[in-house]
1. Given the convex hull over the Cα atoms of the range 146-300, what projected area results after averaging over all orientations, in nm²?
2. Set the Förster distance to 35 Å, then compute FRET efficiency between residue 104 and residue 165 from the Cβ-Cβ distance, nearest 0.05.
3. Using the Cα gyration tensor of the range 217-271, with a ≥ b ≥ c the square roots of its eigenvalues, what is the shape: rounded (a/c below 1.5), prolate (a/b larger than b/c) or oblate (neither)?
4. For the chain, max minus min Cα coordinate along each principal axis, in Å, sorted largest first?
5. So what's the back-of-envelope 222 nm ellipticity for the chain, counting only DSSP H runs of four-plus at -39500 (n - 2.57) apiece and dividing by all residues, rounded to 500?
6. Using Stokes-Einstein with the Kirkwood hydrodynamic radius over Cα pairs, what translational diffusion coefficient do you get for the range 170-237 at 4 °C and a viscosity of 1.567 mPa s, in µm²/s rounded to a whole number?
7. In nm, what is the difference between 0.36 nm times the number of residues separating residue 188 and residue 77 and their Cα-Cα distance?
8. Output wanted: per-residue J couplings in Hz (rounded whole) for the range 233-243, from phi through Karplus 6.51 cos²θ - 1.76 cosθ + 1.60, θ = phi - 60°, x for Gly and Pro.
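The values are calculated or read from the model by the stated rules, or taken from the named source; none is laboratory data. Predicted, not measured: the structure shown is a model, and the values here were computed from it. Glycine also receives a Cβ, built like all others from the backbone with ideal geometry; neighbour counts cover every protein chain displayed. Please note that ligands, DNA and RNA were not included when accessible areas were found on the heavy atoms of the full protein model with its side chains. Shrake-Rupley method; radii C 1.70, N 1.55, O 1.52, S 1.80 Å.
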Amino acid sequence: MRIPESELIINADGSAFHIHLKPEELADIVILVGDPGRVAMVGGFLTDVEFSRQSREFASTTGRYNGKRITVLSTGIGADNIDIVMTELDALANVDFRTREPKEEHRTLTVVRIGTTGALHADIPLGSPIFSHYSIGCDGLLNWYEGRSSVVDEEMEEAFKKHTCWNSILPSPYFVKADEELIRLFEDCTVKGMTITAPGFYGPQGRVVRLGLSKPDLIESFSSFCHKGYRITNFEMESAAVAGLARLLGHKAGTVCCVIANRHLKSSNTDYKPQVKAVVGLVLDRLTGKELKEPSMEVK
């Protein structure tokens, strides 16, 4: 089946429309970051760098770490950008850009998002790396796709909606589990996470500046939810979209975030770059099989 030009836009140079990567430039391991400026920081870990490029919020580079080829790509903020990035990454891997037809053999990418986050419990110190075993999409993105129910945990969704007295005017939440292989890879060096993917930084994460909240007890109701041995550990804005689209498209995905704020303690660390850099090293070491020396992540 040929994919029409209106549905998959390919630039004149043969690159994907938004992220400006060409099929031959994409590695099997992909690191996603939000901030375009963080691509250069992650790229500093790489050798044999093939290119560095930026279009809008989508900065990218491909190089090697511990002998393995890795692509680093920024997404900007929010699940809507993840919809663009994951769809175009999959197209680069699994669509022949010359014929516009899906390839017969599926190529599986390993996609790990590295970001920052706010923790919801006092026992999660600033600087801790949280791996999102489950991500809870409060953004509604996955609900637009066929097959959504095949990749989510509907039992957890119903328990969450009941526990939080979910408002029917909000998007229906979806629960997606990260790739099992990645969970095992990071389980001994990260906090076991169940992560809220919020569609905003302020109200959807329970912050009040000048506008009140439709759900004033948001923080308490989220942080008190517990199911199947998991508690909600943190807020961020992309992990559920990454995990959900990856599962629908047949890729391995997970999210590791560095804690830079604790909502329970009302504390934050604005000088968090050294801790994020430590998390980047941790992720790259684990993904490439390098012998790991555990970094000190906690901020006193």
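1. Its Cα hull, projected and averaged over all orientations, spans 10.6 nm².
2. Details: r = 48 Å, r/R0 = 1.38.
Efficiency, from the Cβ-Cβ distance: 0.10.
3. Because a/c hits 1.5 or more and a/b fails to exceed b/c, the range 217-271 counts as oblate.
4. That gives 53, 43, 37 Å along the principal axes, largest extent first.
5. -7500 deg cm²/dmol
6. 94 µm²/s
7. Values: separation 111, 0.36 × 111 = 39.96 nm, distance 2.86 nm.
In short, 37.1 nm is gained.
8. With coefficients 6.51, -1.76 and 1.60, one gets 9, 6, 10, 7, 9, 9, 4, 5, 5, 4, 5 Hz.
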